[in-house]
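Contents: one structure, followed by commentary.
Throughout, read-outs are computed from the coordinates displayed, never taken from laboratory work. Small disclaimer: the values here were computed from a predicted structure and weren't measured. Virtual Cβ from ideal backbone geometry, glycine too; neighbours counted across all protein chains shown.
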Amino acid sequence: MDCPRCTDEMNLLEGEDISLQRCAECSGIFIDPGDLNRLLLRNGLLVLDRMGGRANIEEIAVACPECSVDLTVIEGNDKSGLRYETCESCGGIWLDLPEADADDLDSIEAAIVEHFREFKG
Ligand SMILES: [Zn+2]
Ligand SMILES: [Zn+2]
């Protein structure tokens, strides 16, 4: 799977029951909603659908690496200023996580959990 932003091949990182794709160039992450929800629930958070946030269709999003359609930007509470992007077609989630340690799945998972903890406010 190629990064929709850099067109570099993304790295597939696989854990026991969670896998995701990461771009080494821009630190973008692509994850399936099922895997993301597993991760959120395990860390005491709500599933993504219950997380709130609102679509901002004015914002430019990347294209889905899976389906090539434009993703939709979902913004969290005003205080966090955080966002994620989601695919209306496959449900995949795109996140920018420059703070995560490259290629270390534990570190990336921790950064995702932190992102959504602040996202919901
Ligand atoms: Zn990239
Ligand atoms: Zn898609």
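Listing for the model above:
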read-out	value
Selection from the stretch 48-63 of residues that are part of a helix (DSSP H, G or I) and not hydrophobic (A, V, I, L, M, F, W, C)	Asp49, Arg50
Conditions (1) within 16 Å of ligand 1 (Cβ to nearest atom); (2) part of a loop (DSSP other than H, G, I, E, B); number of the one not met by Trp94	(2)
First in the stretch 67-84 and more than 17 Å from Ala111 (Cα to Cα), second anywhere and part of a strand (DSSP E or B) and among the β-branched types (Val, Ile, Thr), Cβ under 8 Å, 6 or more apart	Leu71/Thr86; Thr72/Thr86; Ile74/Thr86
Residue that is farthest from the chain's Cα centre (by Cα) [pool: residues in the stretch 64-79 that are part of a loop (DSSP other than H, G, I, E, B) and over 15 Å from Phe116 (Cβ atoms)]	Asp78
Criterion violated by Leu40 - all others in (1) without any contact (Cβ under 8 Å) to a residue 40 or more places away in the chain; (2) assigned to a helix (DSSP H, G or I) satisfied	(1)
Residues satisfying the stated conditions in the stretch 80-90, i.e. surrounded by 20 or more Cβ atoms within 10 Å (Cβ to Cβ) and over 14 Å from Phe116 (Cβ atoms)	Cys87
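Each row is one residue, and each column tells you yes or no for (1) under 18 Å from Glu114 (Cα atoms); (2) within 16 Å of ligand 2 (Cβ to nearest atom).
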| position | (1), (2) |
| --- | --- |
| Arg5 | no, yes |
| Asp17 | no, no |
| Asp35 | yes, yes |
| Leu39 | yes, no |
| Asn56 | no, no |
| Glu59 | no, no |
| Val62 | no, yes |
